[in-house]
Amino acid sequence: MTVLIGDPVLEELRGILGPEHVLTGKADRLNRARVPAPFPVHRWAERMPDLVVLPASTEEVAEVLRLADALRIPVVPRDGGTGLTDGAVPLRGGIVVDVKRINQIKEIDLGNRTCTVGVGINALKLNEVLARHGLIYPDDPASYPCSLVGGRIGTSGWSLIGSRYGHTRDLVLSFDHVLPGGRVIHVGDGIGRKITKSSSGYQLKHLFMGHQGTLGIATEATLKLFPKPEAEFSPFWAFEDYDSAYRAVGALARAGVATFAGAVLFDEWKVDYLRRDDEAYIPQPSSVKALVCAALYGYEDEVRAGGRRLLRIARSLGARYLGDEISEGDWAARHDRYATPLHGRTKSGQVVPMSWHCEDASINYTRLPAVRLAWHEIAARLRRESDVFDDWGMFAYTNGATGADYLTEIDIGIWEQRLDDTAWAAWVRAKRDLAAVTLEHGGSISACHGSCREGEVDLVPEELGGGYDVMLAVKRAIDPNNIMNPGKYLLDQAYAEEP
Amino acid sequence: MTYRHQEEMSPPPARRVTDVAITRFEHVYEVEPALMTEHVTQQSFPNWDTLRLVRSRADHLAWMHRHFAGKVISGEELLHDLDE
Amino acid sequence: MPDPDERPEKEFAEEWRDAAYNCFSSGHKFCREVCPVMQVTRNESWSPTAFHANVVAMEKGELEVADVAADYVNCTGCGACEVRCPNSLFTGDFYRFRTRTVDLVKAVRGLAVEQGVHQPGWRRWNQLTDERRHEPVLDGTPVDQGRVRDWAEGLELPIGGESILFVDCEAAFVRTSVPRSVARILSLAGYEFGLMNEQWCCGGPAAEMGYDEQARRFARHNLDDWRAAGVRRVLVLDPHDYITFTEDYPRYFGDAYDIEIVLVVELLAELIREGRLTPHVPVERTVTYHDPCRLNKRKGVWREPREILRAIPGLTFHDVDRVSQWSYCSGGGGGLPVEKPELTAKISEQRVGKAAELGVDTLVSACPWAERPLSDAGRARSIDVVDLHELLAESLGVSP
Ligand SMILES: Cc1cc2nc3c(=O)[nH]c(=O)nc-3n(C[C@H](O)[C@H](O)[C@H](O)COP(=O)(O)OP(=O)(O)OC[C@H]3O[C@@H](n4cnc5c(N)ncnc54)[C@H](O)[C@@H]3O)c2cc1C
Ligand code: SF4
Ligand code: SF4
């Protein structure tokens, strides 16, 4: 159903939110029809919502959902709009509920070491305030400066330093969640706002995280806090071949160092890519073919002891330490060097502005080398077909402290201005193929962003098996009228038998 | 300190570093300008702007360290410990 | 519908396409949380990202400038988004290609005016400026050519000379103690300078609000006036003028532009360093410093004002570093207070709130345009807003 200007719904919404918080302008809608993930520019307007609302409270969100549910109007939650699986992009028009105004810090509880915030807040901004208390909320995605707490919940995001502090699911203790019919529930471990472990009832917190807005809208969240680390150590090492780097990253991750917050492996393609424009790698000798970095956080004495241990391990495996300047600079730049368009090159080497696609599977350590080769092959096929695609290389980041599995990322540059229907079809095929490789190797299609984009989403039922049927049943039970972000995750199937 | 248009628009001469990069200011690399002739062309870039960005980058990186931790441990120092 | 290829939006996009796509293809919004307007409105339609994306939409025929002209009011031109954008901060110097939100916003405003789409407040402001040659800075303050040097009464400054002091409209007609302080300090140091023969508004505000023809006309007048008097060097105390003279004028006049532009705070810091000025009168205040956006973010000037503050005896100085201040703004720039004073007020309140958290009694600024909105917000929290030049004058024992 679409809402037309002049519709009585508009008047009701204006009554709920105040007229200035109901937007119907075309630019207002176009700018909420996009996220950073590449999409053909000529099809942009296909994803426009009918209108946008900017609520300021849980109550306002609840009233909007009540109204939308009664009138069967699609609703798409949007927070930072940085998600990479098109979660915040409407597929069926309707109302975008943009929650960025719900961004207050409600409480900092020093005794229990938690804080309660509106989901429109950004973690970097929150941490500027928490620093005054010597505390930190360590959810550190590469999108740290721009993603917001609601989107972190909606995607169940992944953090660069998650091996030490956990990921969003571990760091968000509980939250207020508005169900599609407008009912407000509180989900956490058990009922408690600040409880970190409960065995009471079903564990609903996981269910209401990572659903990409298909089960309702989180509005206020209670977060787990840590002491701001006294010290940080982030060594970068160079290797002469991928295999040595691969062995080293595995050994570092398995070492069991308590302050270990994460390690990253860069392959040859990634090093070549860095040589295009990264001041640290332009002057590196051609013998440098792969890189590894690690990060440690904690008290200074602990970090020093752990750091020495990791340096010893790396050295024994043929690593060359790249020096303090590169190590410090590159780690501090960890958020900033992803979506840089001018990294793009045509086959003849000309600079073109490309958008960034980040394939983000979870892959077990022992499968990394095989997945890597298969993925680069797919990227090479795309590049052969067209200058629209460019292989930007691969990273593998530890998911946890034991080194079992890695967020495995191939970055592909896509020249959106030239992304015509043929190139898009080639891309969707490639997306499906990338996901298929992941499943062949026992991995999960997404470690951080979610998997509802064209191409990848086709394989989600296969990944989840019987679990996908449960997902359909849950969706139908919680959102009987399919108003929440319809069209995502192929969930329309849940309503197949309905008249 | 003083802004003089002519000076600002005259960058130091370029020196080649790799096939795809040159350098004009000390420790500052730039793309080989020939790579930006067909699809995206370079902007007019006064010297102050180049230096502003280079210095801001350094300030930003130092800020990011401070934002996450009280101090940064030197790997060179720890490696030295290992050798003792 | 007009021929799609002759739409003015299409022509505009020809010029701005690369800049717009360089953001559109990232779309990652690292600029959002540093943008002062976004901080107080949380409305994504008024984000740097949207300002770029709209150009792509105009190119594709999805939008006309009339649809978005009012959105582009919501920008103070502070430059935070540009400097924080990874496409500037990390690769701008490498590619000699950086994010240009401020220029783009100005250009869209210009396109709107060209197409006859006006914002009422801005139109009136620029009409009055055109009539009087100076901005109608504050209701009730008489502004006209006959009074442009009134602020200097009794200082006995010469007209003309190799170096002249250019005084922005706000300082010349409202914040007159600022230029008086500057003049006294420079005289104390024995620095020779004069005033312009017939100073007009620099034209920068007109350019910021989209009235390009007027901006160029004013610039032309000023340059001709300087040339006629043999001026080689223009001393500038207002950060906004500094931008106009080092970015707009070079664009208007190209290689023929041979006037040296000197920023007064930089000059004063140097005079202190050289021992030609020695602040000695203790100023018993607990202060923090507000980095004017146009100095810190847009020009990278942040050290010298701090040097001056540290040279003043008696001050207790609680500094906030320049990077944290990328997300601070007074809200006073880019014509915002003319069209949306309520947003300016919110931004100022937020800025003063940050100062209040430090437990200071004084917020020091170095930008006359920031001082009015900041003072308004400061009153509610009993925080004085003081101009750096005035504070230095006080410590040098020269009264304005
Ligand atoms: C440069 C860059 C780097 C990135 N790096 C990482 C990374 O390291 N790790 C990582 O995990 N992700 C990363 N991402 C992806 C993205 O930042 C995350 O997915 C993030 O969690 C999205 O947050 P957001 O606030 O932008 O949400 P949005 O994009 O607005 O929304 C994301 C999803 O959540 C839903 N949603 C939004 N708000 C709510 C709510 N209140 N309640 C319920 N559902 C909601 C939306 O409908 C959508 O489906 C990166 C993105 C970029 C651009
Ligand atoms: S201006 Fe820069 S930071 Fe902001 S969205 Fe565009 S590219 Fe990203
Ligand atoms: S210049 Fe400042 S106000 Fe304007 S969009 Fe950028 S950050 Fe926002």
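The values are calculated or read from the model by the stated rules, or taken from the named source; none is laboratory data. As the structure is a computational prediction, the values presented were derived from the model and not from experiment. Note that each Cβ is placed from the backbone with ideal geometry, even for glycine, and that neighbours are counted across all protein chains shown. Only protein heavy atoms, including side chains, enter the accessible area calculation; ligands, DNA and RNA are left aside. Shrake-Rupley method; radii C 1.70, N 1.55, O 1.52, S 1.80 Å.
Odds and ends about this structure:
- Condition met for residue C:179 (under 30 Å from residue C:338 (Cα atoms) and open to solvent by less than 10 Å² (accessible area, probe 1.4 Å)): yes
- Among (1) within 7 Å of chain A (Cβ to nearest Cβ); (2) within 12 Å of ligand 3 (Cβ to nearest atom) - the single one residue C:48 does not satisfy: (1)
- Qualifying residue in the range A:363-386 (condition: closer than 15 Å to residue A:38 by Cα, in contact with an Asp or Glu (Cβ under 6 Å, 6 or more places away or on another chain) and in contact (Cβ under 8 Å) with a residue 24 or more places away in the chain): no
- Set side by side, the residues A:302, A:328 differ, and just one is buried (at least 23 other Cβ atoms within 10 Å of the Cβ), charged (D, E, K, R) and away from chain C (no Cβ under 14 Å), which is A:328.
- The lone exception for residue C:103 - which of (1) within 14 Å of chain B (Cβ to nearest Cβ); (2) part of a loop (DSSP other than H, G, I, E, B); (3) open to solvent by 10 Å² or more (accessible area, probe 1.4 Å) it fails: (2)
- Residue match in the range C:184-200 (condition: over 30 Å from residue C:72 (Cβ atoms), surrounded by fewer than 21 Cβ atoms within 10 Å (Cβ to Cβ), among the hydroxyl-bearing types (Ser, Thr, Tyr) and within 14 Å of chain B (Cβ to nearest Cβ)): yes
- Among the criteria (1) in contact (Cβ under 8 Å) with a residue 40 or more places away in the chain; (2) not in a helix (DSSP H, G or I), the one residue A:68 does not fulfil is (2).
- Residue match in the range A:119-126 (condition: more than 16 Å from ligand 1 (Cβ to nearest atom), hydrophobic (A, V, I, L, M, F, W, C) and over 25 Å from residue A:262 (Cα atoms)): no
- Answer residue from the range A:16-62, given it is part of a strand (DSSP E or B) and within 10 Å of chain C (Cβ to nearest Cβ) and is nearest to the chain's Cα centre (by Cα) among those: A:52
- Highlighted here are the helices (runs of 4 or more DSSP H) found entirely within the range C:297-360 that include at least 3 residues which are small (Gly, Ala, Ser) and more than 16 Å from ligand 2 (Cβ to nearest atom): C:341-357.
- Criterion applied to A:333, A:370, A:404 was being farther than 25 Å from residue A:454 by Cβ, of a type outside the set (D, E, K, R) and either within 14 Å of chain C (Cβ to nearest Cβ) or buried (at least 18 other Cβ atoms within 10 Å of the Cβ) (or both), and the one residue passing it is A:333.
- Residue count for the range A:266-293 under the criterion of being facing another protein chain (nearest Cβ under 10 Å) and assigned to a strand (DSSP E or B): the result is 0.
- Considered as a group, the residues in the range C:72-98 that are within 16 Å of ligand 1 (Cβ to nearest atom) and open to solvent by 10 Å² or more (accessible area, probe 1.4 Å) include one that is nearest to the other protein chains (Cβ to nearest Cβ), and that residue is C:84.
- The listed residues are C:251, C:216, C:227, C:233, and the only one of them that is in contact with an Asp or Glu (Cβ under 6 Å, 6 or more places away or on another chain) and open to solvent by 20 Å² or more (accessible area, probe 1.4 Å) turns out to be C:233.
- Qualifying residue in the range C:289-306 (condition: without any contact (Cβ under 8 Å) to a residue 12 or more places away in the chain, within 14 Å of chain B (Cβ to nearest Cβ), open to solvent by 10 Å² or more (accessible area, probe 1.4 Å) and within 16 Å of ligand 3 (Cβ to nearest atom)): yes
- Considering the range A:180-252, the qualifying strands (runs of 3 or more DSSP E), each wholly inside and each with 3 or more residues that are within 30 Å of residue A:328 (Cα to Cα), run over A:231-233, A:236-239.
- Condition met for residue C:61 (more than 15 Å from ligand 3 (Cβ to nearest atom), surrounded by fewer than 23 Cβ atoms within 10 Å (Cβ to Cβ) and more than 11 Å from chain A (Cβ to nearest Cβ)): no
- A search for C-beta distances below 6 Å between a residue of the range A:139-158 that is within 16 Å of ligand 3 (Cβ to nearest atom) and any residue that is among the hydroxyl-bearing types (Ser, Thr, Tyr), counting only pairs 6+ apart in sequence or on different chains, returns A:146/A:82.
- Here residue C:245 fulfils each of the conditions (1) modelled with pLDDT under 95; (2) part of a helix (DSSP H, G or I) apart from (1).
- Within the range A:475-491, the only residue that satisfies the criterion of being open to solvent by 20 Å² or more (accessible area, probe 1.4 Å), aliphatic (A, V, I, L, M) and closer than 28 Å to residue A:434 by Cα is A:490.
- Scope the range A:373-388; condition among the charged types (D, E, K, R), more than 13 Å from residue A:346 (Cα to Cα) and surrounded by fewer than 14 Cβ atoms within 10 Å (Cβ to Cβ); matching residues: A:377
- Residue in the range C:118-128 that is within 16 Å of ligand 1 (Cβ to nearest atom) and buried (at least 20 other Cβ atoms within 10 Å of the Cβ) present: no
- The helices (runs of 4 or more DSSP H) falling completely within chain B that include 3 or more residues that are away from chain A (no Cβ under 13 Å) map to B:5-8, B:47-68.
- Number of residues in the range C:1-20 that are within 11 Å of chain A (Cβ to nearest Cβ) and either within 15 Å of ligand 3 (Cβ to nearest atom) or open to solvent by less than 20 Å² (accessible area, probe 1.4 Å) (or both) equals 2.
- Only one of A:129, A:149 that is open to solvent by less than 30 Å² (accessible area, probe 1.4 Å), at pLDDT 95 or above and not small (Gly, Ala, Ser): A:149
- Residue, farthest from ligand 3 (Cβ to nearest atom), within the range C:21-45, restricted to residues that are under 16 Å from residue A:124 (Cα atoms) and assigned to a helix (DSSP H, G or I): C:39
- First in the range C:322-336 and more than 18 Å from residue B:55 (Cα to Cα) and not assigned by TED's automatic domain parsing to the domain that holds residue C:72, second anywhere and aromatic (Phe, Trp, Tyr) and more than 16 Å from ligand 1 (Cβ to nearest atom), Cβ under 7 Å, 6 or more apart: C:332/C:369; C:333/C:369; C:335/C:122
- Among the residues of this structure, residue A:258 does not count as one that is touching an Asp or Glu at 6+ places or on another chain (Cβ under 8 Å) and either within 14 Å of chain C (Cβ to nearest Cβ) or within 30 Å of residue A:416 (Cβ to Cβ) (or both).
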